[in-house]
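These notes concern the structure reproduced below.
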Amino acid sequence: MYADIAVCLPLARTFIYKLTTPVETGCRVVVPFRKRDVEGFVVGFRKEAPPDIEVHEIGGVLDAIPLLRPDIFNLCRWVADYYATPIGEVLKAALPPGISTKHVEGLPHSPPRRGGEDAPSAAKARQPCGCRASPPLRGGEFLLTPDQASALSTVTKASGFRPILLHGVTGSGKTEIYMQAVEHFLAAGKTSLILVPEIGLTPQLTDRFARRFPNQIAILHSSLTRRQRIDEWLRIYRGEVPIVIGTRSAVFAPLGNLALIVVDEEHETSYKQEEVPRYHARDTAVMRAKLAGAAVVLGSATPSMESFHNAASQKYEYVMLTTRVEGRPLPAVEIVNMREEYAAEGKQVVLSRRLLEAINARLDRGEQTMILLNRRGYATFLLCRRCGFTFQCNSCSVAMTYHRSIEKLLCHYCGLARRPPARCPECDSEYIHYVGEGTERLEAELKCRFPDARVGRIDRDAMRHMRDYERVLGGFRAGDIDILAGTQMIAKGHDFPRVTLVGVVGADAPLALPDFRAAERTFQLLTQVAGRSGRGGRPGEVVIQSYFPDHYTFQLAVTQRFEDFYARESRYRKAMFYPPFTALAGIMVTDRDRGRAADTAREIGEYLDSLRSNAMRILGPAPAPLERIKRMHRQQLLIKSSSRASLHHLLGRLRQYIEDRKFGSTRVFIDVDPVSLL
Ligand code: ADP
Ligand code: ZN
Ligand code: ZN
């Protein structure tokens, strides 16, 4: 007997080995590979090996029984295929690092033996979790509004695969619906999986679930220790918990008898893994629900263009919650034209007069303010006013950011730090100008303008640890902070009833990025942050500072006209052949040597051109917008295809070509449905 082995290396193909002992599909083995021992997964069997190749024996069997449930194994196959990414890497990502058979051997509740049966029957074969049904209206549970009740019934009304887009403004009660849906399925002995973009940024959701379902939740995220991750994973594997809350990779959690998947804040880009294997956890969740015959709810106040398109074309059911719970009004939004501000003040200012005045009013009334500026540091870059020299990182093609608290210039891509020079290294002038402001500068400005106010700041520099973050948020909630400044970390699902003013500084910056999703991101961020204002009894106000106040993104965000934004943005995406109307894949070619990167990219371009069908357009090769990161030169190609199947076919050929051609030190990465093209 022979087995096909997917080695845990970035390779598309599988390799044939001779079996010495019987194993099952999905078991991990060690195999000799290019003079090394590497880990791999058994993905298939064959009676004979092709005559023309030399076949080695499997070195050893790591798992007597497979750790991956067959349905998860099938999901991994789909991920590897759809994202043109190595199956070995996907299977590895689906398990907690460091897990081995010894953790699961002799477990009383270990799942039934799994051979080749397919997902739904495997799910049926599992024992129900045995948790007793709970009485209606438990602690913290509300009587649903009619909107909520009808949304809930859409989720729970039938069994089988049902993708649902739950579009509801912040505060419209989506989380409450998730919890009651979980409750419903729990009563039927079924399990639920809740995906969140980042655990730290959604502490309230996790807390609310934990209070509602004590001892019934496992939590999976990346800041757990290895041991904690394995322990949480084992609780799920043994069937001890019927609810899992987790980030991206929790989409592979070994829950059996799955009835519901929730993807909260489905538009968030952190659902896309930006390293191999490059999968999108939201879309993988939809596929998992399909394989398991479960409902999947994608929730957002600002759905992604992709999901909204799927709803518009009736691939997903669409449920809209139009009002906030208890009819709390949406905040009044106002845009300040910063060009007029500049004209009036004679210089660039961080805070407009309108915003200053609004903050003052809050301080007088004992209400709270949040100010968003989505850039860290003090100054965005240093510029010599005499010769125009800017301080760039040696290894990356980006300007270095000035951080005043540590008196350093930092590269936000590779972390390189250097002392800010007093004179220009090019022309020796002393006219060094600090351009563009970050959150550190914003905080300093607020402290200077409002010396009696208590100002807090949240960004990745100020928050070394999770507990710093919780301390500042706790202080804000307790009313010990009047003004909270920060990056988009403050825009996430927090509920602070005393916040009646939200300011957005530097709202234009993302629009300048060379990314076709720039307008979508800006619209989402503005809508999300505006949703932070006026969550309590008092009405909220939002002040956005912009140099382009007439841009449709601002105008439509102000009035929260999502459908108008979607229609407008759709026209642009259609005209430019971008998703969701076109299937997109990025090919990134990297090398330390600029010439080698360019040569390989050109060769790949020619290869793609030779195979391309009429349904496709190929852009590039061209240097990526960030031409160099960590000393690697980056060349990019984009494939746009009106047919997903042709794109898929082309990528299959390309992977084969790359592996056969062997580009040496040059690396080639395929990114299907990329979320960032930088
Ligand atoms: P979302 O997740 O859409 O932001 P939440 O579920 O957090 O909305 O609801 C917003 C607020 O309203 C929360 O404080 C929640 O406890 C409360 N809430 C939700 N549903 C109801 C309801 N049916 N009746 C009263 N309060 C509710
Ligand atoms: Zn100079
Ligand atoms: Zn750098």
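Using the reciprocal of the averaged 1/r over all distinct C-alpha pairs, how large is the Kirkwood radius of region 349-449 in Å?
Final number for the Kirkwood radius of region 349-449 is 15.1 Å.
Given +1 on the Cβ of Lys and Arg, -1 on the Cβ of Asp and Glu, and no further charges, what dipole in debye does region 1-113 carry about its Cα centre, rounded to the nearest 20?
Dipole about the Cα centre, nearest 20: 100 debye.
What whole-number value in cubic angstrom gives the convex hull volume per residue for the C-alpha atoms of region 434-537?
Considering the Cα atoms of region 434-537, their hull volume per residue is 119 Å³.
Which lysines does Lys157 reach when only Cα atoms under 23 Å apart count, and residues fewer than 8 places away in its own chain are ignored?
The qualifying lysines are Lys124, Lys174, Lys190, Lys290, Lys315.
Provide the gained length on full extension for the span Thr225 to Phe45, in nm with one decimal, where the gain is 0.36 nm per separating residue minus the Cα-Cα distance.
Length gained, Thr225 through Phe45: 61.2 nm.
Starting from the Cα coordinates of region 408-489, work out the convex hull volume and express it per residue in Å³.
Cα-based convex hull of region 408-489, divided per residue, equals 123 Å³.
Would you pull out the residues with amide H under 5 Å of Val262's amide H, same chain only if 5 or more places away, H placed 1.01 Å from N?
Residues meeting the amide H criterion: Leu193, Ile194, Leu195, Val297.
Using Cα positions and a limit of under 27 Å, work out the lysines in reach of Lys347, with same-chain residues fewer than 8 apart set aside.
Leaving aside lysines fewer than 8 places away in the same chain, those within reach of Lys347 are Lys408, Lys447.
In deg cm²/dmol and to the nearest 500, what is the mean residue ellipticity at 222 nm of the chain if only DSSP H runs of at least 4 residues count, each as -39500 (n - 2.57), divided by the residue total?
Computed mean residue ellipticity for the chain: -9500 deg cm²/dmol.
Provide the packing ranking of 170-181, 550-561, i.e. peptides ordered by the mean count of other C-beta atoms within 10 Å per residue, highest first.
With the highest mean Cβ count within 10 Å placed first, the list reads 170-181, 550-561.
If Lys and Arg each add +1 and Asp and Glu each add -1, what is the summed charge of the other residues whose beta carbon sits under 14 Å from the beta carbon of Asn337?
After counting each charged neighbour, the total is -3.
Pop a pseudo-label 7 angstrom from the Cα along the beta-carbon direction at both Arg460 and Leu626 and give the gap in nm to one decimal.
Roughly 0.9 nm, to one decimal.
Projecting each Cα onto the charge dipole of the chain (Lys/Arg +1, Asp/Glu -1 at the beta carbon, about the Cα centre), which of Thr225, Ala358, Val668 comes out farthest on the positive side?
Thr225
Using label points projected 7 Å from each Cα along Cα→Cβ, tell me how many nm separate Arg467 and Glu54, to one decimal.
Simple spin-label model gives 5.7 nm for this pair.
Taking amide H positions as placed in the peptide plane 1.01 Å from N, state which residues far from Val333 in sequence (5 or more) or on other chains have amide H under 5 Å from it.
The answer is Val542.
Please name whichever of Pro70, Tyr178, Phe562 sits farthest to the positive end of the charge dipole of the chain, dipole taken about the Cα centre and charges placed at Cβ: Lys and Arg +1, Asp and Glu -1.
About the Cα centre, the residue reaching furthest to the positive side is Pro70.
By how many nm would the segment from Arg13 to Ser613 grow when fully extended, if each residue of separation counts as 0.36 nm and the alpha-carbon distance is taken off?
Contour length minus the Cα-Cα distance gives 213.5 nm.
Under 1.5 on a/c is rounded, so check that first for region 230-299, then, if it is not, pick prolate when a/b is larger than b/c and oblate when it is not; a ≥ b ≥ c are the square roots of the alpha carbon gyration tensor eigenvalues.
Oblate.
Mind checking which of Asn374, Leu678, Thr145 is farthest towards the positive end of the chain's charge dipole, using Cβ charges of +1 (Lys, Arg) and -1 (Asp, Glu) about the Cα centre?
The Cα lying farthest towards the positive end belongs to Leu678.
Semi-axes of the equivalent ellipsoid of region 42-103: what are they in whole Å, largest first, if each equals the square root of 5 times a C-alpha gyration tensor eigenvalue?
23, 18, 11
Please give the residues of region 481-519, grouped as numeric ranges, whose backbone N is less than 13 Å from a label point set 7 Å along the Cα-to-Cβ vector of Ser405.
485-487
Restricting attention to region 410-506, which GluC sites (Glu not before Pro) occupy a DSSP loop and are surrounded by at most 15 other Cβ atoms within 10 Å?
Glu426, Glu430
For region 3-66, which GluC sites (Glu not before Pro) are both in a DSSP coil and crowded by at most 10 other Cβ atoms within 10 Å?
Listed in order of number, the matching sites are Glu48, Glu54.
In terms of modelled amide H atoms, which long-range or inter-chain residues lie less than 5 Å from the amide H of Asp508?
Amide H neighbours of Asp508: Tyr547.
Pop a pseudo-label 7 angstrom from the Cα along the beta-carbon direction at both Leu416 and Ser397 and give the gap in nm to one decimal.
1.4 nm
Above 51 Å lies some portion of the pair distances; for the chain, what is it as a whole percent of all C-alpha pairs?
More than 51 Å apart: 14 percent of the Cα pairs in the chain.
With a Förster radius of 30 Å, plug the Cβ-Cβ distance of Lys35 and Asp593 into 1/(1 + (r/R0)^6) and report the FRET value to the nearest 0.05.
0.70
Rounded to the nearest 0.05, what FRET efficiency do Ser429 and Glu340 give with R0 = 45 Å and r taken as the Cβ-Cβ distance? Could you check?
Working from the Cβ atoms, E equals 0.85.
Estimate the FRET efficiency between Arg602 and Ala575 by the formula 1/(1 + (r/R0)^6), using the beta-carbon distance for r and 22 Å for R0, to the nearest 0.05.
0.20
Normalized C-alpha radius of gyration of region 509-550, against 2.2 N^0.38 Å?
Here the answer is 1.39, to two decimals.
In percent, what relative contact order does region 429-488 have, based on Cα pairs under 8 Å that are 6 or more apart in sequence?
Relative contact order comes out at 39 percent.
If I stretch the segment between Arg386 and Arg561 completely, what's the gain in nm (0.36 nm per residue apart, minus their alpha carbon distance), one decimal?
58.4 nm
Pull up the cross-link candidates among the aspartates and glutamates for Lys640, meaning alpha carbon to alpha carbon under 20 Å and not fewer than 8 places away within one chain.
Asp81, Glu274, Asp283, Glu306, Asp515, Glu520, Glu569, Glu603, Glu606, Asp609, Asp671, Asp673
What net charge is computed for the residues neighbouring Pro425, neighbours being all others with C-beta under 15 Å from the C-beta of Pro425, Lys and Arg scored +1, Asp and Glu -1?
Charge balance near Pro425 sits at +2.
Tell me the net charge near Ala485. Cut-off is 14 Å between Cβ atoms, Ala485 excluded, with +1 for each Lys or Arg and -1 for each Asp or Glu.
+3
Values in this text are rule-based calculations from the coordinates and carry no lab data. Note that the structure is a prediction, hence the values are computed from the model and not measured. Methodologically, a virtual Cβ is constructed for each residue, glycine included, from the backbone with ideal geometry; neighbour enumeration extends over all protein chains shown.
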